[in-house]
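The values are calculated or read from the model by the stated rules, or taken from the named source; none is laboratory data. What you see is a predicted model, and the numbers here were worked out from it, not measured in a lab. Cβ coordinates were reconstructed from backbone atoms using ideal geometry, including for glycine residues, and neighbour counts include every protein chain displayed.
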Amino acid sequence: MRSIAVSPLGLIGLALAAGNAAAQPAGSPDAIERAYTPLDLAKCSHKRGREVEDYGSWRCAGYDGNFVFVSAGDQRTYISYGPKPAKTVASGETLASFNSEGKTIEWRIERRNGKPVPFATILRWNTTVMQDSGDRVRGQVLVVTRLDPGGVCHVGYVDGRANPNANDLAVQLADTRARNFKCGKDKPVIVGEKGPGFSGPYND
């Protein structure tokens, strides 16, 4: 897994909102927009798992009719998006450490023929990293996910605690790489510094 340096570009809030970001995609006169939706599994449709360490799956409402699909087991979480989220690459992607979903999803949005279309999401995941000493270190990782059309998969990761500008780095990563990212071919990148609570992908 390689790291890349990315300059700050935007800011993620923690409350529901929508607005314009400063970035513009190459060749497009329209500014990239953002919207926020809550992720509360207690308010989602839940299907129970069949095994002891299978916690089941949840189907949640997202931005403008886009579904959010969450599944969990063995203290790890998997999150995908779209009309058939369970069949995407993202539905099989998680972090190596024990982890859980965050509470707010940021949707990165562009205009296509005047219609707002989300092309990526940013979600802050919670992590628990086990040290060789047996100690547990809590962390947070911002996960950038590409959306359909063209595939749904992880684009990259930012340590939410080691980088003071973690939100900015995640926005830059989403806006510059998500739309051209090839799911199943391109490898997700790690952006910025990594602290003891950071966890990369499960297959890292």
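Across the stretch 170-184, the number of residues qualifying as aliphatic (A, V, I, L, M) and assigned to a loop (DSSP other than H, G, I, E, B) comes to 1. Can we say residue 72 is outside any strand (DSSP E or B), at pLDDT 95 or above and more than 24 Å from residue 167 (Cβ to Cβ)? Against the criterion (outside any strand (DSSP E or B), at pLDDT 95 or above and more than 24 Å from residue 167 (Cβ to Cβ)), residue 72 does not qualify. Inside the stretch 155-164, residues that are surrounded by fewer than 24 Cβ atoms within 10 Å (Cβ to Cβ) and in contact with a strand residue (DSSP E or B) (Cβ under 9 Å, 6 or more places away or on another chain) make up a count of 3. Within this structure, residue 105 passes the test of being out of contact with any helix residue (DSSP H, G or I) (no Cβ under 6 Å at 6 or more places or on another chain), modelled with pLDDT of 95 or more, under 21 Å from residue 176 (Cα atoms) and of a type in the set (A, V, I, L, M, F, W, C). Listed by first and then second residue, the pairs linking a residue in the stretch 110-123 that is farther than 24 Å from residue 190 by Cα to a residue that is of a type in the set (Phe, Trp, Tyr) and not in a strand (DSSP E or B), with Cβ atoms under 9 Å apart and 6 or more places separating them unless they lie on different chains, are 116/63.
Count, please, the residues in the stretch 32-58 that happen to be in a strand (DSSP E or B) and in contact (Cβ under 8 Å) with a residue 24 or more places away in the chain.
7
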